[in-house]
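S.K.: Dropping the structure in here first, questions after.
The values are calculated or read from the model by the stated rules, or taken from the named source; none is laboratory data. Small disclaimer: the values here were computed from a predicted structure and weren't measured. Neighbour counts are summed over all protein chains in view; Cβ atoms, including those assigned to glycine, are modelled from backbone coordinates with ideal geometry.
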Amino acid sequence: MSHDSATPISRRLFLGTAAGAMAGLATPALAQTTGTTEMESAAGGAVRRNMSSFRTLQWQGYFDNLKGGAILVDITSRALHYWSEDQSIYRLYPTSVPLTDDLTRRGRTSVILKDPNPSWRPTPAMKQRNPEWPDFIGPGPDNPLGTRALHLSWTYYRIHGTHDTRKIGRRSSNGCVGLYNEHIEELFVMAKVGTQVLLI
């Protein structure tokens, strides 16, 4: 899709607004340990350990079966859990979550489309709140959906990557669940169309 001459200005404003809201925050990185996953952040060459840690979970408390695999998104702990159908794979990833409760949707859904090269368009509600945002951003480093996206059966909802790593572990999205690009790329390979998803 072609862009008019105003698009780069709008795109810079859009990205600047998003980045400005998160300015001064350290970039978290994930370190997996036995039983827990610790968030670490590097600042000024030093590593600071976040005292909170993610706990591994068992799927049985959330799903009746693992047919097609299962994804659990815990909005409160800002973590995504994935179990493969044969139970040989379990992953735990830090996520970004919606900014406010009114942007948050909870319940059961599923993956209906795997997009290996996502483009982004604001929803009508997003455009109304932020009329300066561009109407379209194609694949690439400016794309808010990062390098991969899993479309859910709920209109406009995605599990996707992000190029702005400062958003991970924070309330920073307009409704979607965001992962580091390297994590969405891993999840993208494992998840299937039909993988069940529960947001709690």
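S.K.: Within segment 56-75, which residues are more than 16 Å from residue 194 (Cα to Cα) and free of Cβ contacts under 8 Å to residues at least 60 places away in the same chain?
M.R.: 56, 57, 58, 59, 60, 61
S.K.: Across segment 143-182, what is the number of residues that are within 12 Å of residue 112 (Cβ to Cβ) and in contact with a Pro (Cβ under 7 Å, 6 or more places away or on another chain)?
M.R.: Going through segment 143-182 one residue at a time, the tally reaches 1.
S.K.: Another question, then. Looking at segment 109-121, can you tell me whether even one residue there is without any contact (Cβ under 8 Å) to a residue 40 or more places away in the chain and of a type in the set (Lys, Arg)?
M.R.: Yes, segment 109-121 contains at least one residue that is without any contact (Cβ under 8 Å) to a residue 40 or more places away in the chain and of a type in the set (Lys, Arg).
S.K.: A further question on this structure: Listed residues 147, 195; which is farther than 21 Å from residue 105 by Cα and not aromatic (Phe, Trp, Tyr)?
M.R.: Of the residues listed, the single one that is farther than 21 Å from residue 105 by Cα and not aromatic (Phe, Trp, Tyr) is 147.
S.K.: Going by what's in this entry, would residue 162 be described as of a type in the set (Ser, Thr, Tyr) and surrounded by 16 or more Cβ atoms within 10 Å (Cβ to Cβ)?
M.R.: In short, yes.
S.K.: Next up: From the list 167, 192, pick out the single residue that is charged (D, E, K, R) and within 12 Å of the chain's Cα centre (by Cα).
M.R.: 167
S.K.: From (1) of a type in the set (Gly, Ala, Ser); (2) closer than 25 Å to residue 176 by Cα; (3) at pLDDT below 95, pick out the condition that doesn't hold for residue 46.
M.R.: It fails just one condition, (2).
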